[in-house]
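**Student:** Encoded as structure tokens, here's the structure I'll be asking about.
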Amino acid sequence: MICSPKLLLLHCMDLVKYYNPRIVEDKWYQYWMENGYFDSVPDEREPYTIVIPPPNVTGVLHMGHMLNNTIQDVLIRKARMEGKNACWVPGTDHASIATEAKVVKMLAEKGIKKTDISREEFLIHAWEWKTKYGGIILDQLKKLGASCDWKRTRFTMEDELSKAVTTVFIKLYNDGLIYRGTRMVNWDPAGKTTLSDEEVIFKETNSNLVYVVYPFTEETKSSAAVTGKGLVVATTRPETIMGDVAVCVHPDDERYKHLIGKTVMVPVVDRVVKIIADTYIDMEFGTGCLKVTPAHDENDYRIGEKHQLEIIDVLTDDGRIDARAGVYVGMDRFACRKQIIKDLEEKGLVEKIEQIRNTVGHSERTDAVIEKKISTQWFVNMQEFMRRYPQVLTSVMEEEIRFYPSKFKNIYRHWMENVKDWNISRQLWWGQRIPAWYNSTGEYVVSATELEAIELFRKRGQTYDPGELEQDPDVVDTWFSSWLWPISVFDGFSDDKDDKKDYRYYYPTNDLVTGPDIIFFWVARMIMAGYAFNGQKPFSNVYFTGIVRDKQRRKMSKSLGNSPDPLELIDTYGADSTRMGLLLSAPAGNDILYDEAQVEQGRNFCNKIWNAYRLIEGWNVVPDEQAKPEVLTSAELAHKWFEMKYQAAVNDIHEAFADYRLSEALMNTYKLIWDDFCSWYLEMLKPEFGEPIHKSAYEKVKTGFGNVLKLLHPFMPFITEELYHVLHNWNVSRPLIVSDYPKTGTTEPVNDAALGIISEIRNIRNSKGLSPKQAFDLIIMTKDETAYRKWEFVISKLANISSITYNASRPEKGFSGLIGTDEFHIPYAEQIDEAEERKKMEEELDYLKGFLKSVDAKLGNERFVANARPDVIEKERKKKADAEEKIKKLLEALGSQLS
RNA sequence: GGGGGCUUAGCUCAGCUGGUUCAGAGCAUCUGCCUUACAAGCAGAGGGUCACUGGUUCGAACCCAGUAGCCCCCA
């Protein structure tokens with residue numbers, strides 16, 4: 001059933017002073033949905049496409065999503081109104097490690113351990129969980145007004161998208177861009193999986209730098225001049241001592257030169273190791289002696305490789321001491337660190353302990369401290385990738401893909417130029433399994449199915465015992481599926497879908513809106529995928545939003561409790577107000593400092609618009625013939641004036657949109673409606689109390705109102721749709737969501753300099769404490785009477801003026817001022833502080849004289865006249881003439897008062 | 001350590017290729033108004049040595065160099 005928005009309004013809203021979003025928003029969302037306005041299918045129109053950054057499938061809406069999706073909705077709604085075939089594809093990400101962690105936790109609460117169940121059983125639980133909680137976030141987006149094509153909702157782990165992952169993996173492997181290798185990787189002991197470099201967050205931490213004595217061996221003591229018990233090594237990681245295989249010093253270090261090649265004992269395990277030399281060593285740090293632990297540190301690993309040292313991994317996958325260490329076996333790594341320090345102190349092998357600040361890597365998802373570890377994993381060869389697809393970098397640098405703000409270009413380049421191989425295998429179950437198959441001797445092939453694997457083994461002449469091939473147990477990094485998102489949501493990888501009609505029509509997409517925190521995780525990799533798999537960019541513009549913070553600039557976080565619940569906010573203030581509150585202070589790339597006051601501003605704005613409607617709706621309309629002639633002409637001028645203001649604003653708004661300055665576009669719209677439309681235009685036309693309005697003016701106002709609603713619709717879709725309908729008595733050919741967005745253009749200029757007199761007069765009233773109800777007479781001294789005459793009606797009404805005369809003699813007593821170079825006077829006999837009036841005029845005069853002096857100096861400067869552009873010189877001449885004119889007027893006025 | 005960026009009104013930000021009467025906006029503040037659309041409002045006002053120092057230029061918030069402070073990213 002199509003809902004009936006009209007009835008609701010009439011029952012609840014008639015005559016109410018305050019706008020109530022609650023009875024408006026849901027019904028319009030439902031109306032748009034039921035009428036298919038969000039849906040998109042390829043046609044002859046120009047497409048405009050955005051793919052949503054897929055939120056985690058088990059996520060809930062937070063302020064960051066609100067901002068991000070509001071921006072996307074603004075862009076998509078504007079494009080839709082501009083007649084483009086707007087397509088916003090929603091969906092969710094399976095978020096491998098994050099979701100798996102949640103499922104593991106949920107199972108643990110039920111008393112089920114992941115290690116006690118099979119992969120298949122685990123996946124059943126995981127899918128159940130996904131079905132239950134997955135997509136809640138998408139429903140929440142509907143409350144915000146997000147006009148996604150929900151029929152196109154995708155999930156990164158659905159069959160079609162998983163197939164794409166496999167296809168891409170195999171292609172890259174066959175192209176020599178994916179390899180399996182043994183490397184030092186990041187290990188998350190909590191998630192028990194490897195992580196890419198991007199998933200490691202470095203945090204500054206207070207650490208103990210322990211100075212440990214490595215005693216000299218008898219051999220060393222006897223063969224070299226030694227002082228002290230042994231070499232002192234400074235380390236923050238004493239628990240890895242059991243993995244030490246050497247001590248390294250700088251070859252030029254005078255302190256240790258004579259010891260190179262000698263030996264020391266590794267404490268705790270009493271292993272004899274060599275003292276080696278390498279220029280890698282920083283002589284300044286600690287004692288200049290480094291304990292070499294190739295299994296647990298990247299640099300140590302390189303030194304180990306160079307000097308062909310043994311690798312002793314002393315940690316288990318869950319961060320305990322491994323049996324290989326020989327001591328402290330089974331103890332947690334951090335407990336072990338404390339215990340070893342204690343034990344070494346007892347043996348007198350700790351020289352001192354210093355407090356230092358260092359950076360420690362943490363898992364992005366589990367927050368566990370990352371261990372470096374040697375492991376056999378799958379990698380994407382990035383150097384080679386970039387060599388083959390240089391457009392990945394050049395497209396951004398040459399702005400074929402534009403970044404907003406552009407500062408991210410350099411950040412992007414820096415990353416691209418220093419990028420390391422991408423570790424894509426994860427020791428998890430929730431995700432796309434790596435399409436590699438191993439035979440009983442550990443040889444492997446890469447293929448989509450076991451049958452194809454057998455075929456490959458056969459061709460190679462390797463054993464392939466049918467039924468005994470084993471698929472790699474690991475899954476790929478989540479981002480190895482989401483980098484395909486702009487292609488895969490349009491089935492760009494599937495060969496059997498209607499000629500890839502959607503793909504050809506919608507791809508490449510237009511705009512991507514995302515946070516800068518995933519520029520490397522996702523944006524960079526989508527660009528890589530775009531060029532590698534399709535030879536095209538995936539999108540033309542990337543809008544980086546800021547991070548939503550509270551007004552003290554703290555990040556929103558659960559523990560601080562400073563993050564408002566977006567749904568409560570919408571419930572309290574309405575989606576329109578919330579959207580406006582977020583957008584107001586959100587220039588691209590700037591952090592947005594969330595303050596509820598801004599949402600209140602949004603609410604106040606809604607109310608303002610609502611009341612503008614109430615005013616218009618309350619007018620009694622009569623035919624034009626019944627209106628006074630001066631009212632008719634004045635109204636005509638007001639229409640022209642507003643048309644000019646409106647068109648100028650439209651042009652500004654288009655310009656702001658072109659540069660993705662959305663908050664500016666919104667602010668322009670806000671000021672157009674509040675100031676120009678409500679404060680000026682409506683006040684110009686508003687009939688005296690009890691008087692009717694003539695029909696042509698009424699119609700013009702309605703048209704103007706409709707137009708500003710159109711401008712505002714992308715930002716505040718609900719209230720605008722509502723008012724657009726009530727304004728037109730529910731009789732509109734197309735609802736606002738698919739109506740036409742105002743276009744740029746030119747209008748006849750209207751000289752409105754005379755209006756400045758209104759503010760001047762109001763100011764005089766205010767500063768003299770005179771009531772606005774007290775009418776004034778006005779004398780204007782001008783060469784151009786017509787400029788004022790046509791505004792007489794408006795001036796009289798808005799400044800409460802009872803009579804206007806031109807170029808009459810100056811009054812004896814009264815107030816005066818300047819509008820441009822025109823002088824005006826208000827005769828006022830009582831209670832005037834003449835001295836004060838004179839003082840004001842003299843101050844003005846002083847300022848003008850000083851100003852004139854500086855302009856004269858400029859014009860008198862030969863080099864200025866010779867070098868400045870002609871139009872600049874012309875402006876200066878005009879300034880000079882104006883200043884002289886004003887000074888003359890002021891002197892005259894002062895003189896007349898003197899006499 | 002490497003890279004990017006910022007510093008303009010009480011707050012948040014504009015200020016596009018140096019040149020409108022030596023800087024604009026929103027919010028906040030202050031003053032006066034319950035004026036028949038709106039007090040969630042109306043009218044008006046105040047508030048800035050454009051971080052600092054030097055340079056280039058006829059002319060600098062804007063270009064250059066240095067100094068100080070802050071933020072982000074990477075190792």
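The values are calculated or read from the model by the stated rules, or taken from the named source; none is laboratory data. Note that the structure is predicted; figures quoted are calculated from it, not measured. FYI the Cβ positions are ideal-geometry reconstructions off the backbone, even for glycines, and counts take in every protein chain you see.
**Student:** Pick from A:Glu345, A:Glu384, A:Glu354: which is at pLDDT 90 or above, surrounded by fewer than 19 Cβ atoms within 10 Å (Cβ to Cβ), out of contact with any Gly (no Cβ under 8 Å at 6 or more places or on another chain) and not hydrophobic (A, V, I, L, M, F, W, C)?
**Tutor:** A:Glu345
**Student:** Moving to a separate point now. Name every residue in segment A:406-432 that is in a loop (DSSP other than H, G, I, E, B) and surrounded by fewer than 16 Cβ atoms within 10 Å (Cβ to Cβ), in order of residue number. Walk me through how you get there before you give the answer.
**Tutor:** Step one: list which residues in segment A:406-432 are in a loop (DSSP other than H, G, I, E, B), which gives A:406, A:419-421, A:424, A:427-432.
Passing the criteria: A:Ser406, A:Lys420.
**Student:** Of everything in segment A:734-783, what is touching an Asp or Glu at 6+ places or on another chain (Cβ under 7 Å) and more than 30 Å from A:Gly83 (Cα to Cα)? Give them in sequence order. Give the derivation first.
**Tutor:** Filtering segment A:734-783 for residues touching an Asp or Glu at 6+ places or on another chain (Cβ under 7 Å) gives A:735-737, A:741, A:747, A:780-782.
Within segment A:734-783, A:Ile780, A:Met781, A:Thr782 meet the criteria.
**Student:** How about segment A:735-823: which strands (runs of 3 or more DSSP E) wholly inside it have at least 3 residues that are surrounded by 19 or more Cβ atoms within 10 Å (Cβ to Cβ)? Explain how you work it out, then say what you get.
**Tutor:** Working: elements: A:776-781, A:801-806, A:814-819.
Here the list reads A:776-781, A:814-819.
**Student:** Go through (1) under 29 Å from A:Leu583 (Cβ atoms); (2) in contact with a Ser or Thr (Cβ under 6 Å, 6 or more places away or on another chain); (3) assigned to a helix (DSSP H, G or I) and name the single condition A:Lys102 misses.
**Tutor:** Condition (1) is where A:Lys102 drops out.
**Student:** Would you mind stating whether A:Thr182 is within 30 Å of A:Pro717 (Cβ to Cβ) and not aliphatic (A, V, I, L, M)?
**Tutor:** On the way: within 30 Å of A:Pro717 (Cβ to Cβ): no; not aliphatic (A, V, I, L, M): yes.
Judged against the criteria, A:Thr182 is not a match.
**Student:** Which count do you get for residues in segment A:534-576 that are exposed (fewer than 14 other Cβ atoms within 10 Å of the Cβ), more than 30 Å from A:Glu398 (Cβ to Cβ) and free of Cβ contacts under 8 Å to residues at least 40 places away in the same chain?
**Tutor:** Residues meeting the conditions: 10.
**Student:** For segment A:593-613, check the following and say yes or no: at least one residue is within 16 Å of RNA strand B (Cβ to nearest atom), farther than 29 Å from A:Thr514 by Cβ and part of a loop (DSSP other than H, G, I, E, B).
**Tutor:** Within segment A:593-613, none of the residues are within 16 Å of RNA strand B (Cβ to nearest atom), farther than 29 Å from A:Thr514 by Cβ and part of a loop (DSSP other than H, G, I, E, B).
**Student:** For segment A:796-812, state whether one or more residues are more than 10 Å from RNA strand B (Cβ to nearest atom) and of a type in the set (Phe, Trp, Tyr).
**Tutor:** Within segment A:796-812, one or more residues are more than 10 Å from RNA strand B (Cβ to nearest atom) and of a type in the set (Phe, Trp, Tyr).
**Student:** Something else about it: Is one or more of the residues making up segment A:684-692 more than 12 Å from A:Lys645 (Cβ to Cβ), within 8 Å of RNA strand B (Cβ to nearest atom) and either surrounded by 15 or more Cβ atoms within 10 Å (Cβ to Cβ) or among the hydrophobic types (A, V, I, L, M, F, W, C) (or both)?
**Tutor:** Of all residues in segment A:684-692, those more than 12 Å from A:Lys645 (Cβ to Cβ) come to A:685-692.
When the remaining residues are screened for being within 8 Å of RNA strand B (Cβ to nearest atom), the result is A:686, A:689-690.
Among the residues that remain, those that are also either surrounded by 15 or more Cβ atoms within 10 Å (Cβ to Cβ) or among the hydrophobic types (A, V, I, L, M, F, W, C) (or both) are: A:686, A:689.
There is at least one residue in segment A:684-692 that is more than 12 Å from A:Lys645 (Cβ to Cβ), within 8 Å of RNA strand B (Cβ to nearest atom) and either surrounded by 15 or more Cβ atoms within 10 Å (Cβ to Cβ) or among the hydrophobic types (A, V, I, L, M, F, W, C) (or both).
**Student:** Any residue at all in segment A:494-514 that is within 26 Å of A:Ala101 (Cβ to Cβ) and crowded, with 20+ Cβ neighbours inside 10 Å? It would help to see each step written out before you state the result.
**Tutor:** Filtering segment A:494-514 for residues within 26 Å of A:Ala101 (Cβ to Cβ) gives A:514.
Filter once more, so that each one left must be crowded, with 20+ Cβ neighbours inside 10 Å: A:514.
So far as segment A:494-514 goes, yes, one or more of its residues are within 26 Å of A:Ala101 (Cβ to Cβ) and crowded, with 20+ Cβ neighbours inside 10 Å.
**Student:** For A:Tyr506, state whether it is over 20 Å from A:Met397 (Cβ atoms), modelled with pLDDT of 95 or more, away from RNA strand B (no atom under 16 Å from the Cβ) and in contact with a Ser or Thr (Cβ under 8 Å, 6 or more places away or on another chain).
**Tutor:** Spelling it out, A:Tyr506 is indeed over 20 Å from A:Met397 (Cβ atoms), modelled with pLDDT of 95 or more, away from RNA strand B (no atom under 16 Å from the Cβ) and in contact with a Ser or Thr (Cβ under 8 Å, 6 or more places away or on another chain).
**Student:** Let me ask something else. Here is a list: A:Asp270, A:Asp252. Which entry is surrounded by fewer than 16 Cβ atoms within 10 Å (Cβ to Cβ), on the phi > 0 side of the Ramachandran plot, more than 46 Å from the chain's Cα centre (by Cα) and not small (Gly, Ala, Ser)? Spell out the reasoning first.
**Tutor:** On the way: A:Asp252 fails: on the phi > 0 side of the Ramachandran plot.
From the options A:Asp270, A:Asp252, the qualifying one is A:Asp270.
**Student:** Then there is this: Of the residues A:Thr205, A:Thr167, which single one is among the polar types (S, T, N, Q), outside any helix (DSSP H, G or I) and either away from RNA strand B (no atom under 16 Å from the Cβ) or more than 30 Å from A:Val24 (Cβ to Cβ) (or both)?
**Tutor:** Values: A:Thr167 fails: outside any helix (DSSP H, G or I).
Just one listed residue meets the conditions, A:Thr205.
**Student:** On to the next question. Which ones in segment A:556-590 are within 11 Å of RNA strand B (Cβ to nearest atom) and modelled with pLDDT under 80?
**Tutor:** A:Ser585, A:Ala586, A:Pro587, A:Ala588, A:Gly589, A:Asn590, listed by residue number.
**Student:** Kindly check whether there is at least one residue in segment A:824-845 that is of a type in the set (A, V, I, L, M), over 27 Å from A:Leu770 (Cα atoms) and either within 8 Å of RNA strand B (Cβ to nearest atom) or at pLDDT below 80 (or both). Spell out how you get there, then give the answer.
**Tutor:** So in segment A:824-845, the residues of a type in the set (A, V, I, L, M) come out as A:826, A:829, A:832, A:835, A:841, A:845.
Checking the rest, the ones that are also over 27 Å from A:Leu770 (Cα atoms) come to none.
Checked segment A:824-845: no residue is of a type in the set (A, V, I, L, M), over 27 Å from A:Leu770 (Cα atoms) and either within 8 Å of RNA strand B (Cβ to nearest atom) or at pLDDT below 80 (or both).
**Student:** With the requirement that a residue be touching a Phe, Trp or Tyr at 6+ places or on another chain (Cβ under 6 Å) and in a helix (DSSP H, G or I), what does segment A:483-506 give you?
**Tutor:** Matches in segment A:483-506: A:Asp502, A:Tyr503, A:Tyr506.
**Student:** Something else about it: State whether one or more residues within segment A:6-20 are modelled with pLDDT of 95 or more and either among the hydrophobic types (A, V, I, L, M, F, W, C) or in a strand (DSSP E or B) (or both).
**Tutor:** no
**Student:** Suppose the filter is modelled with pLDDT under 95, closer than 25 Å to A:Gly515 by Cβ and either among the aromatic types (Phe, Trp, Tyr) or surrounded by fewer than 18 Cβ atoms within 10 Å (Cβ to Cβ) (or both); does A:Tyr48 pass it?
**Tutor:** Working: modelled with pLDDT under 95: no; closer than 25 Å to A:Gly515 by Cβ: yes; either among the aromatic types (Phe, Trp, Tyr) or surrounded by fewer than 18 Cβ atoms within 10 Å (Cβ to Cβ) (or both): yes.
The answer is no for A:Tyr48.
**Student:** Scan segment A:342-353 and report the pairs whose first residue is touching a residue at least 40 places away in the same chain (Cβ under 8 Å) and whose second residue is in a helix (DSSP H, G or I), with Cβ atoms within less than 6 Å and a gap of 6+ or a chain change.
**Tutor:** A:Val350/A:Leu344
**Student:** Let me spell it out: the conditions are (1) in contact with a helix residue (DSSP H, G or I) (Cβ under 6 Å, 6 or more places away or on another chain); (2) of a type outside the set (Asp, Glu); (3) without any contact (Cβ under 8 Å) to a residue 60 or more places away in the chain, and A:His296 meets all of them except one. Which number is the exception?
**Tutor:** (3)
**Student:** Just checking, how many residues over segment A:589-612 are under 22 Å from A:Ser696 (Cα atoms) and surrounded by fewer than 18 Cβ atoms within 10 Å (Cβ to Cβ)?
**Tutor:** Result for segment A:589-612: 1.
**Student:** Test of understanding: among A:Leu852, A:Leu848, which residue is touching a Leu at 6+ places or on another chain (Cβ under 9 Å) and within 11 Å of RNA strand B (Cβ to nearest atom)? Steps first, answer last, please.
**Tutor:** Values: A:Leu852 fails: touching a Leu at 6+ places or on another chain (Cβ under 9 Å).
It is A:Leu848.
**Student:** Could you check A:Ser40 against (1) at pLDDT 90 or above; (2) under 29 Å from A:Leu584 (Cβ atoms) and say which number it fails?
**Tutor:** (2)
**Student:** If I ask for residues that are over 18 Å from A:Asn751 (Cα atoms) and either without any contact (Cβ under 8 Å) to a residue 40 or more places away in the chain or among the basic types (Lys, Arg) (or both), which ones from segment A:620-642 would you list?
**Tutor:** Restricting attention to segment A:620-642, the residues satisfying the condition of being over 18 Å from A:Asn751 (Cα atoms) are A:620-632.
Once the filter is applied, which keeps residues that are over 18 Å from A:Asn751 (Cα atoms) and either without any contact (Cβ under 8 Å) to a residue 40 or more places away in the chain or among the basic types (Lys, Arg) (or both), segment A:620-642 yields A:Glu625, A:Lys628, A:Pro629.
**Student:** Oh, and also: Name the residue, out of A:Glu384, A:Glu364, that is in contact (Cβ under 8 Å) with a residue 60 or more places away in the chain and in contact with an Asp or Glu (Cβ under 6 Å, 6 or more places away or on another chain). Don't jump to the end; show me each part of the working.
**Tutor:** Details: A:Glu384 fails: in contact with an Asp or Glu (Cβ under 6 Å, 6 or more places away or on another chain).
Just a single option satisfies the conditions, and that option is A:Glu364.
**Student:** For segment A:323-332, indicate whether the set of residues that are farther than 15 Å from A:Val185 by Cα and among the charged types (D, E, K, R) is non-empty. Step through it out loud before you land on a result.
**Tutor:** Residues of segment A:323-332 that are farther than 15 Å from A:Val185 by Cα, as a first pass: A:323-332.
Next, only the ones that are among the charged types (D, E, K, R) stay: A:324, A:332.
Yes; the residues of segment A:323-332 include at least one that is farther than 15 Å from A:Val185 by Cα and among the charged types (D, E, K, R).
Condition check ((1) crowded, with 21+ Cβ neighbours inside 10 Å; (2) in contact (Cβ under 8 Å) with a residue 40 or more places away in the chain; (3) within 10 Å of RNA strand B (Cβ to nearest atom)) across all residues:
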site: A:Gly618; (1), (2), (3): no, no, yes
site: A:Met644; (1), (2), (3): no, yes, no
site: A:Arg661; (1), (2), (3): no, yes, yes
site: A:Asn668; (1), (2), (3): yes, no, yes
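**Student:** Please enumerate the residues belonging to segment A:509-526 that are within 16 Å of RNA strand B (Cβ to nearest atom) and within 27 Å of A:Glu46 (Cβ to Cβ).
**Tutor:** Of segment A:509-526, the ones within 16 Å of RNA strand B (Cβ to nearest atom) are A:514-525.
The answer is A:Thr514, A:Trp522, A:Val523.
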